[in-house]
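Engineer: Could you have a look at this structure, given as structure tokens, before my questions?
Quick note: the coordinates plus some simple rules give every number you see, no bench work behind them. No experiment lies behind these values; they were computed from the predicted model shown. Here the Cβ positions follow ideal geometry from the backbone for every residue, glycine too, while neighbour counts run over all protein chains shown.
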Amino acid sequence: MKALLMKLSAMDSDAEAALRVIAYFDALTLRSATPEMIVRGTAALAETAAGLRTEDGVEHRFAPDGRRLSASSDGRPRREQHAGSTTVWLEREAEPAAMDDLILERFALAVRAVGSDRGERNDTVDSALVETALSHREPLEERSLALRRLGLSSSAHACVVAIAPAGSFENAGEVGSGILGMLRRSHSARGAMLGGMSAAIVPLAATDPQTVREDFITSLRSALSAAPAPVRVGVGGAVGAFDAHRSWAQARLALRFSSPNRLDAAVIDADQLGALSALSTVDAAVWQRDPRVCTLQDFSTTENGRIDLAVLEMYLAHGSLRLAGSALHMHHSSVASRLARVEERLGLDLTNPQDVFDARLGLVALTLLETAGDQAETGATVTTDLA
């Protein structure tokens, strides 16, 4: 929690301050913070006491240093805002600070959002309905009924999102539920846990579903950039609701190429994979026998090695030491030094186009090795049918 605190005094401009305030509360909402956590975080962010009182009289007050305060505000001046039946406030003796209005607004929205999300979770979407809607094996009548019970029109357009935590599947439920809650609130998605990952059916406007889908992916990437825990996401193509199984298969395929440790690769758009998708059919044992892929895998086991991989990827993305250094906030000489070490260990010369291709292929293979367990984790709910 402490790492997320954005101190207003350190910000360069009102615009930057506003963006950080918004990102801060979005991150709290995404991690499904409790109202008590939101009050504590708000007090630290605003550097003044903050409070919350529910309709039934439950009250939380916290000081900026995280201390719990008594329910009484001792008559201190405070500015209030309503979040449904809940009242939130900031207490400040002096004149309001520059960001107080925005903080109070986002404070109220976050409390309302997590309250709404908890209400929805009391009436959790039946995973069997989601599984039926995403299955190509079920009869049309069963899929139509599942869609209706999920509140989706059978004539609607939608795309399906596959969500998995980065690394172990142990916290898949916690990570998935937070993001599913966000997608329910922001895009009216219907989702549930299926095996070791989460699935969300996102309705799209019938007039221009592809453009709406692209806008959705952009907003999803922005929201996840503030997430407190790294996640991997694959987004399937826009389809009619009856063909949701196709988008689900595409989403899980895209998930195989997703990695929060790769450049702009936490969220993968299945429509952008192209011929790369064929690499997902290569058995993991084949990649494990490749000496260069094994070397890249060795890099990924240490912090210093992961920095070397980031340097390699940035250089491949930008084709320039200076641009790669700028993107990584490193001096170009440091980039050159690390890149030389990577070239030596991989036996590559990155001024040679064929070696550049081999390096790119190796990074993709490394990602596919890291995500090889995705399909096994989904068990019987998974199908590789893209037709």
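Engineer: Rounding to the nearest 20 debye, state how big the charge dipole of the range 326-373 is about its Cα centre with +1 on each Lys and Arg Cβ and -1 on each Asp and Glu Cβ.
Structural biologist: So the dipole magnitude of the range 326-373 works out to roughly 160 debye.
Engineer: For the range 127-277, build the charge dipole from Cβ charges (+1 Lys, Arg; -1 Asp, Glu) around the Cα centre, then report which of Gly191, Ser258, Leu220 sits farthest towards its positive end.
Structural biologist: Gly191
Engineer: Tell me which residues come under 5 Å, amide H to amide H, from Gly191 once H is placed; ignore anything under 5 positions away on its chain.
Structural biologist: Ile201
Engineer: With just the Cα atoms defining each centre, how far is the range 312-356 from the range 278-300? Give it in Å.
Structural biologist: What the calculation gives is 21 Å, centre to centre.
Engineer: Per 0.36 nm of contour for each residue apart, how much would the distance between Thr281 and Ala340 grow if the chain were fully extended, relative to their Cα-Cα spacing?
Structural biologist: Computed gain between Thr281 and Ala340 is 18.0 nm.
Engineer: OK, next. Between rounded, prolate and oblate, where does the range 18-62 land on the alpha carbon gyration tensor, with a ≥ b ≥ c its root eigenvalues, rounded for a/c under 1.5, else prolate if a/b exceeds b/c? Please list the in-between numbers first.
Structural biologist: On the way: a/c = 2.61, a/b = 1.48, b/c = 1.77.
Note, shape of the range 18-62 comes out oblate.
Engineer: Grab the beta carbon distance between Glu138 and Thr34, set R0 = 41 Å, and tell me the FRET efficiency rounded to 0.05.
Structural biologist: Using R0 = 41 Å, I get an efficiency of 0.60.
Engineer: When the label point is put 7 Å from the Cα of Asp358 along its Cα-to-beta-carbon vector, which residues of the range 280-297 have a backbone N closer than 11 Å?
Structural biologist: Backbone N within reach: 291-293.
Engineer: Normalised radius of gyration for the range 127-277, please: alpha carbon Rg relative to 2.2 N^0.38 Å, two decimal places.
Structural biologist: Ratio of Rg to 2.2 N^0.38 Å for the range 127-277: 0.96.
Engineer: Moving to a separate point now. What fraction of the Cα pairs in the range 290-370, stated in percent, has a spacing above 14 angstrom?
Structural biologist: Of all Cα-Cα pairs in the range 290-370, 58 percent lie more than 14 Å apart.
Engineer: While we're here: Give the residue list of trypsin sites (Lys or Arg not before Pro) in the range 194-302 that are DSSP loop and have at most 14 other beta-carbon atoms within 10 angstrom.
Structural biologist: Arg289
Engineer: Now, a different point. Find how much the distance from Ser188 to Arg221 grows on full extension, using 0.36 nm per residue of separation minus their present alpha carbon separation; answer in nm with one decimal.
Structural biologist: The Ser188-Arg221 span can extend by a further 10.2 nm.
Engineer: Take the Cβ-Cβ distance between Gln288 and Asp349 as r, set R0 to 22 Å, and report the resulting FRET efficiency rounded to the nearest 0.05.
Structural biologist: About 0.35, to the nearest 0.05.
Engineer: Please give the length that would be gained between Gln272 and Ala128 if that part of the chain were fully extended, namely 0.36 nm times their separation in residues minus their C-alpha to C-alpha distance (nm, one decimal).
Structural biologist: 48.8 nm
Engineer: Further question: Describe numerically, in nm with one decimal, the distance between label points set 7 Å from Cα along Cα→Cβ at Gln81 and at Glu93.
Structural biologist: Inter-label distance under the simple model: 2.5 nm.
Engineer: Using 7 Å Cα-to-Cβ label points, what is the Ile22/Thr302 separation (nm, one decimal)?
Structural biologist: Modelled inter-label distance: 4.2 nm.
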